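Written below as structure tokens is the structure these notes are about.
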Amino acid sequence: MNLSSVKMVERLKESQLSSSVHQKLVESGERERLKELLRTKLIECGWQDRLRSHCKDVIKQKGLENVTVDDLVAEITPKGRAMIPDEVKRDLLIRIRTFLAANS
């Protein structure tokens, strides 16, 4: 098996594992609980307000008539992800790991 084939197999295994984890989270209702927790934490840390402000800046810069929803989403998504505090990411990851450990 060559290196390219090995990488394809690894990606397939990762994809299957990700699908399995997602399915467990959805079936248990934990995904919705985690989404709500994330939403709350992002509001509490001011992320939502900062992202809203960034959206307004993008619209002002480009002009309301020149911005579509798709353009706005493409523009703000990378910045929005980068603005999520590490503490929030860590907490969510710990909760997912704890859930998986308890349900494996």
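The values are calculated or read from the model by the stated rules, or taken from the named source; none is laboratory data. Because the structure is a prediction, the values reported are computed rather than measured. Glycine gets a Cβ as well: all are built from the backbone with ideal geometry, and neighbour counts include every protein chain shown. Only protein heavy atoms, including side chains, enter the accessible area calculation; ligands, DNA and RNA are left aside. Shrake-Rupley method; radii C 1.70, N 1.55, O 1.52, S 1.80 Å.
Data for the structure
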item: Number of positions in segment 1-28 that are among the aliphatic types (A, V, I, L, M) and loosely packed, with under 10 Cβ neighbours inside 10 Å; result: 2
item: Any hit, segment 52-74, residues being of a type in the set (A, V, I, L, M, F, W, C), within 24 Å of Ser18 (Cα to Cα) and within 18 Å of the chain's Cα centre (by Cα); result: no
item: Test: Asp86 is open to solvent by 50 Å² or more (accessible area, probe 1.4 Å) and at pLDDT below 95; result: no
